[in-house]
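**Student:** I have a structure I would like to understand better, so I am pasting it below and will then ask my questions one at a time.
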Amino acid sequence: TISAANQVICNLNPVQLNVSGANSYTWSPSVGLNADTISNPVASPTTTTQYTITGADVNGCINKTIVVVSVSSLTANINANPSSGNSPLVVNFGSASSGNSYSWDFGNGIMQNTTNDTTHSVYTNPGTYTVTMVVTNAQGCSDTVSAIITVDANTSISIPNVFSPNADGINDFFFIKSSGYNSIEITIYDRWGILMWQ
């Protein structure tokens with residue numbers, strides 16, 4: 001009796017086949033095999049292929065078995081919405097990768113394993129984050145993809161549009177209130193467009 005196990009090729013990567021129980025072997029068809037008269041050919045068919053292996057022992061007794069090499073392809077992708085913005089930034093992730101499981105590394109110290117192709121993460125600190133997702137399908141094939149998320153500091157600015165420095169205690173001083181800026185450049189003109197201060 002000869003025996004061999006079915007195999008899956010992921011994304012057209014070759015796979016080593018093995019058959020045992022005989023002294024000589026013939027594989028049919030030979031399409032996608034590097035050799036068709038050995039016990040351990042390398043298979044790289046482009047479509048799912050059923051191979052019939054005929055084995056003969058030293059006495060010439062013949063036995064047959066079948067091996068199916070399934071070809072599975074999987075391409076990972078990430079949709080990030082939004083992919084940039086001010087902190088705290090909530091990013092919704094989705095994938096149209098047709099997988100059964102998704103392993104996420106959001107780049108912010110948070111990881112998640114899920115069977116759902118949508119998820120989200122919150123980015124509280126400014127910076128550039130690399131998000132990596134590994135998708136795996138029912139045949140055990142996997143693919144990896146990454147995306148970049150850019151988070152800016154949460155900024156705010158309040159600029160008065162008029163002030164009256166006439167010592168009456170109302171709007172005598174010009175203040176710009178801001179947060180998240182390293183520097184601010186200011187140019188002040190009078191009502192006739194003449195530069196007053198810069």
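The values are calculated or read from the model by the stated rules, or taken from the named source; none is laboratory data. The structure presented is a predicted model; accordingly, all values stated were derived computationally and were not measured. Here Cβ is always computed from backbone atoms with ideal geometry, including for glycine, and neighbour counts include all displayed protein chains. In case anyone asks, the SASA skips ligands and DNA or RNA and just uses the protein heavy atoms, side chains included. Shrake-Rupley method; radii C 1.70, N 1.55, O 1.52, S 1.80 Å.
**Student:** Along the charge dipole of the chain, which of Val162, Ser28, Asn40 sits closest to the positive end, that is, farthest toward it, with unit charges on the beta carbon of Lys, Arg, Asp and Glu (+1, +1, -1, -1)?
**Tutor:** Ser28
**Student:** Most mobile of Gly127, Gly169, Gly21 per a Gaussian network model of the chain (Cα springs, under 10 Å)?
**Tutor:** Maximum fluctuation in the GNM of the chain, among the listed residues, is at Gly169.
**Student:** If you average the sequence gap of Cα pairs under 8 Å that are 6 or more apart and divide by the length of region 1-132, what percent do you get for the contact order?
**Tutor:** Working: 279 pairs, mean separation 25.8, N = 132.
That works out to 20 percent.
**Student:** About the Cα centre, and with charges only on the beta carbon of Lys, Arg (+1) and Asp, Glu (-1), how big is the dipole of the chain? Nearest 20 debye, please.
**Tutor:** Numbers: 3 positive and 10 negative charges, 93 e Å.
Dipole size: approximately 440 debye.
**Student:** Kindly point out, ordered by number, any Cys in the chain whose beta-carbon has no other cysteine beta-carbon under 4.7 Å away.
**Tutor:** When partners are defined as cysteine Cβ atoms under 4.7 Å apart, the chain leaves Cys61 without one.
**Student:** Report the antiparallel proportion of the DSSP beta bridges in the chain as a percent, rounded to a multiple of 5. Kindly include the intermediate steps, with their values, before the conclusion.
**Tutor:** Details: 51 of 58 bridges.
If we restrict to bridges inside the chain, about 90 percent are antiparallel.
**Student:** Could you tell me what percent of the accessible area of region 55-198 is made up of carbon and sulfur, with a 1.4 Å probe and every protein chain present?
**Tutor:** Taking all protein chains in place, region 55-198 shows 49 percent carbon and sulfur surface.
**Student:** What does the convex hull of the Cα atoms of region 90-198 come to per residue, in Å³, rounded to a whole number?
**Tutor:** On the way: hull volume 16.5 nm³, N = 109.
Output value, Cα hull per residue: 152 Å³.
**Student:** Counting only heavy atoms of the protein chains, get the accessible area per residue of region 1-87 (1.4 Å probe) and round it to a whole Å² value. Show your work: numbers first, answer last.
**Tutor:** Details: 4670 Å² over 87 residues.
Here the per-residue accessible area is 54 Å².
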